[in-house]
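Report on the following structure.
The values are calculated or read from the model by the stated rules, or taken from the named source; none is laboratory data. Keep in mind it's a predicted model, so treat the numbers as computed, not measured. A quick note on method: Cβ atoms are made from the backbone with ideal geometry, for glycine too, and the neighbour counts reach across all protein chains shown.
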Amino acid sequence: MSATARPLPLYERVKHHLLARIAAGDWRDGARLPSEHELMDQFGASRMTVHRALREMSAAGVLRRVQGRGTFIQREQPRLALLEITDIADDILRRGHRHQARVIKLEAIRADAALAAAFGVKRGAKLFHSEIVHCEDGVPVQLEQRDICPTFAPGYLAQDFSAATTYRYLQNIAPAAEVEHIVHAVLPDPPTQALLEIGPAEPCLRLTRRTWTAAGPATRSILTHPGSRYAFASRNTLP
């Protein structure tokens, strides 16, 4: 080191140490890092210093911070096929990870004006509704909110969707003849924040999907994903 060189700031030294351990394979993708307090003790640093190091590594996509759970090594971001209908459980298993589903709601509802228009029924008509949180290795990656035409899937409310996904059940009835996809970037409302275990400033990707069979409108699904944990992708052969 030259006489004019200055030592790195402590937060940079914390970053370099963590990056070196990641590069050495000391932590696998998805592994939880030591807590801020443990890092403070290890480096003799203030919480502000450790927090800055972790914040900058998170901004660079190296780490993923989950509110109330800790800081994790960011694995390759899962990608959902935009122009296809796929089973999220299969997607997660294909990556070698564990899928879990938590059923929040499974009930009959009455169509409001928007749902009546979407399904071509009268306002107040009976529909089925489900809300399910899908997790990858214990981390929520999708809130699935689905409305179903009862004539398309009359046994929907009797299913155990913690054991088998709605996708598998509905595909076994009849594949979609027509599909519409619309994607928005949104900020989550408080119930979504709680279910996905994210903060109010976490941007989300929301996919609204409508399907039709030969008999008419079948489903409307709203799939909400934390932006830091999921992405949409599509690859097609052009003529």
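Tabulated data
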item: Test: residue in the range 152-159 that is of a type in the set (S, T, N, Q) and closer than 24 Å to Val66 by Cα; result: no
item: Residue count for the range 83-99, restricted to those that are at pLDDT below 75 and surrounded by 14 or more Cβ atoms within 10 Å (Cβ to Cβ); result: 1
item: Scope the range 69-82; condition modelled with pLDDT under 80 and not hydrophobic (A, V, I, L, M, F, W, C); matching residues; result: Gln74, Arg75, Glu76, Gln77, Pro78, Arg79
item: Unmet requirement for Ala177, which otherwise passes all of (1) among the small types (Gly, Ala, Ser); (2) at pLDDT below 90; (3) surrounded by fewer than 11 Cβ atoms within 10 Å (Cβ to Cβ); result: (3)
item: Candidate set: the range 20-52, residues that are in contact (Cβ under 8 Å) with a residue 40 or more places away in the chain and under 23 Å from Val139 (Cα atoms); chosen: the one surrounded by the fewest Cβ atoms within 10 Å (Cβ to Cβ); result: Arg28
item: Selection count, the range 108-134, where residues are acidic (Asp, Glu) and more than 11 Å from Asp147 (Cβ to Cβ); result: 0
item: So Glu136, is it within 18 Å of the chain's Cα centre (by Cα), on the phi > 0 side of the Ramachandran plot and crowded, with 16+ Cβ neighbours inside 10 Å; result: no
item: Residue list for the range 176-225, restricted to those being within 15 Å of Ile132 (Cα to Cα) and of a type in the set (D, E, K, R); result: Glu197, Arg206, Arg220
item: Failed criterion for Leu157 (all others in (1) exposed (fewer than 12 other Cβ atoms within 10 Å of the Cβ); (2) in a helix (DSSP H, G or I) hold); result: (1)
item: Any chance Asp112 is over 19 Å from the mean Cα position of the chain (by Cα), at negative phi and surrounded by fewer than 14 Cβ atoms within 10 Å (Cβ to Cβ); result: yes
item: Residue list for the range 203-227, filter: of a type outside the set (Gly, Ala, Ser) and over 18 Å from Pro140 (Cα atoms); result: Thr208, Arg209, Arg210, Thr211, Trp212, Thr213, Pro217, Thr219, Arg220
item: Scan of the range 45-68 for residues that are modelled with pLDDT under 85 and over 15 Å from Arg32 (Cβ atoms), ordered by number; result: Arg55, Glu56, Ala59, Ala60, Gly61
item: All positions within the range 87-121 that are under 18 Å from Tyr156 (Cβ atoms) and of a type in the set (Lys, Arg); result: Arg102, Lys105, Arg110
item: Residues located in the range 12-43, provided they are of a type in the set (Asp, Glu) and closer than 17 Å to Glu56 by Cα; result: Glu12, Glu36
item: Of all residues in the range 194-228 being touching a Ser or Thr at 6+ places or on another chain (Cβ under 8 Å) and among the hydroxyl-bearing types (Ser, Thr, Tyr), the one that is surrounded by the most Cβ atoms within 10 Å (Cβ to Cβ); result: Thr219
item: Failed criterion for Ala163 (all others in (1) outside any helix (DSSP H, G or I); (2) in contact with an Asp or Glu (Cβ under 6 Å, 6 or more places away or on another chain) hold); result: (2)
item: Every residue from the range 16-41 that is modelled with pLDDT of 80 or more and not in a helix (DSSP H, G or I); result: Asp26, Trp27, Ala31, Arg32, Leu33, Pro34, Ser35
item: Complete set of residues in the range 172-202 that are within 22 Å of Glu136 (Cα to Cα) and in a helix (DSSP H, G or I); result: Pro190, Pro191, Thr192, Gln193, Ala194, Leu195, Leu196
